[in-house]
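*Asks:* Sharing a structure with you now.
Nothing in this text is a laboratory measurement; each read-out follows from the coordinates by a stated rule. Everything quoted here is computed from the prediction, not taken from an experiment. Heads up, the Cβs are rebuilt from the backbone with ideal geometry, glycines too, and the neighbour counts pull from every protein chain shown.
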Amino acid sequence: MGEDAESTKINHTFLRDYVTEADVISTVEFNQTGDLLATGDKGGRVVIFQRETESKGESEEVEETGDSGEYNVYSTFQSHEPDFDYLKSLEIEEKINKIRWLPQQNAAHFLLSTNDKTIKLWKVSERDKRPEGYNLKDEEGRLKDTSTITSLQVPVLKSTDLMVEVRPRRVFSNGHTYHVNSISVNSDGETYMSADDLRINMWHLGITDRSFSLFLSDIVDIKPANMEDLTEVITAAEFHPHHCHLFVYSSSKGSLRLCDMRASALCDRHTKLFEEPEDPGSRSFFSEIISSVSDVKFSHSGRYLLTRDYLTAKVWDLNMDKGPVETYQVHEYLRSKLCSLYENDCIFDKFECVWNSSDSVIMTGAYNSFFRMFDRETGRGVTLEAWRESSKPRAVLRTRRVYNGGKRRRGDVGVDSLDFTKKILHMAWHPSENIIAIAATNNLYIFQDRVSPETQLQ
């Protein structure tokens, strides 16, 4: 009997730790109100979570404890399926690369999702009533014999269980030769852009004539006439949050280019170039790899840019293009490990970065299920861990420290003990509250700070 119990325990542990590749979360995104949270995974699925509203009694408890409504599954649907490019004999993965919500105009919600090649626009709506009393159909929906109809009646709407419907409204395809790495919705609410390694395309959301190409134009094209002359690729792109004519894109050389569509329809010539001069004395084989920008985000104010490369997070001022105004070391202790990280391909991991609602704190990911927050006013950072124990209700996140020489404290993690398979690549910050969503392989952690993150960082 004891052996059976132990056997069951081992099996449960195995099942808990077993992760299929399709279940790994590949993108996380809050909508504009923060009431909905969408995740995409490598299996092509999109899961939408909704924040539950509290009753009067619960709202009083919220004021005492500092906790707010939980996020529960709202809808799940298959966004993309695996495909095959017969011209190039290449498989197209179903993995969801990015999700972006559109500003809400009515009761329905709209979001964009993309894999490597195809972008789709989805409508998410609720239905709690259904029509009954059709004249030409019976209760099962079958057409009646018109000769049997002797009178007419007015159909009525009757209440039913709440249903969440997700329907595709547009499919934007055949616009990219290379893998799509970014999509960004414009502040005009009518257009959005998508970026791959060599081109940035602009699309219109409202064109319904299928005979007319939905693709408007390529606004950036850095593909050289001879591919042997290629020296850099586009890694990320985003529209300005307030000015619909401005956008920025980053490159594998660590530079940022701010473009103004008022100056030219084809923005191959940038308005501003942001890059940090390299120290010739510190150049190595890995310099170009670790300087590649994996993510770029405008601040909510539109004044600053936040970028992430392999070792650092940087803040740039749009009015100062000589270099970053702030640089934060995310995991400098890995600099001595670059050779082994190159061999296991971890050096090519693409970490995301996000702002808090007031642009006073930034957040980005690391290894060993760690993620880091930096207070811009004090410059101080804190390392936190996303793990199962911290996901229990009202559990307090523990600060962690990586030991890399000097005096070792209790609970420190040695550099050689870091688990590089547990990486925090994708995350999102609530648009108005101190609520963060962290994707760790197939787990989604949602944390709420009862105090401001600035207080915790002091």
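*Asks:* Calculated FRET efficiency, residue 32 and residue 286, Cβ-Cβ r, R0 35 Å, to nearest 0.05?
*Replies:* After rounding to 0.05, the efficiency reads 0.35.
*Asks:* Note down the magnitude of the dipole of the chain about its Cα centre, charges +1 on Lys and Arg C-beta and -1 on Asp and Glu C-beta and zero elsewhere, to the nearest 20 debye. Please report the intermediate quantities before stating the final value.
*Replies:* Numbers: 56 positive and 73 negative charges, 82 e Å.
Roughly 400 debye for the chain.
*Asks:* Too long at a 21 Å Cα-Cα cut-off: which of 120/314; 95/423; 297/422; 120/272; 88/223; 42/423? Could you put the intermediate results ahead of the total?
*Replies:* On the way: 120/314 32 Å; 95/423 18 Å; 297/422 24 Å; 120/272 32 Å; 88/223 18 Å; 42/423 15 Å.
Cα-Cα > 21 Å for 120/314; 297/422; 120/272; rest within.
*Asks:* Short version: ³J(HN,Hα) in whole Hz for each residue of segment 194-204, in order, from phi by Karplus 6.51 cos²θ - 1.76 cosθ + 1.60 (θ = phi - 60°), x for Gly and Pro, what are they?
*Replies:* Per residue, the Karplus-derived 3J(HN,Hα) values read 10, 10, 10, 4, 10, 8, 10, 10, 10, 10, 10 Hz.
*Asks:* Helix 2-17 against the longest principal axis of the chain: what's the angle in degrees, Cα atoms only, rounded to the nearest 10?
*Replies:* Helix 2-17 and the main axis of the chain meet at about 80 degrees.
*Asks:* I've got another one for you. Is it possible to state the helix-based mean residue ellipticity at 222 nm for the chain, with each DSSP H run of 4+ residues giving -39500 (n - 2.57), the sum divided by total residues, to the nearest 500 deg cm²/dmol? What is it? Don't skip to the answer; put the middle values down first.
*Replies:* Working: 5 runs with 42 residues, N = 458.
Mean residue ellipticity at 222 nm (helix-derived): -2500 deg cm²/dmol.
*Asks:* Using a Förster radius of 22 Å, what is the FRET efficiency between residue 154 and residue 123 based on their Cβ-Cβ separation? Nearest 0.05, please. If you can, show how the numbers build up before the last one.
*Replies:* Values: r = 28 Å, r/R0 = 1.29.
Computed FRET efficiency for residue 154 and residue 123 comes out at 0.20.
*Asks:* Then there's this: Assuming R0 = 22 Å, can you tell me the calculated FRET efficiency for the pair residue 233 and residue 273, based on Cβ-Cβ distance, to the nearest 0.05? Write down the numbers at each step before the final one.
*Replies:* On the way: r = 16 Å, r/R0 = 0.75.
The formula returns an efficiency of 0.85 here.
*Asks:* Between residue 330 and residues 5 or more places away or on another chain, which pairs have amide H atoms under 5 Å apart, with H built 1.01 Å from N, and which residues are they?
*Replies:* Residues meeting the amide H criterion: 312, 313.
*Asks:* Shifting gears a bit: Among the lysines, which fall within straight-line cross-link reach of residue 158, defined as a Cα-Cα distance under 27 Å, with same-chain neighbours fewer than 8 residues apart omitted?
*Replies:* 123, 129, 137, 144
*Asks:* So who's got an amide H within less than 5 Å of the one on residue 234, skipping anything under 5 residues away but keeping other chains? H placed 1.01 Å off N, in plane.
*Replies:* When sequence neighbours closer than 5 places are left aside, the close amide H contacts are 198.
*Asks:* Now for a separate question. Placing unit charges on C-beta atoms (Lys and Arg positive, Asp and Glu negative, everything else neutral), compute the dipole magnitude of segment 239-326 about its Cα centre in debye, rounded to 20. Present the calculation step by step, with values, prior to reporting the outcome.
*Replies:* Values: 11 positive and 12 negative charges, 54 e Å.
That gives a dipole near 260 debye.
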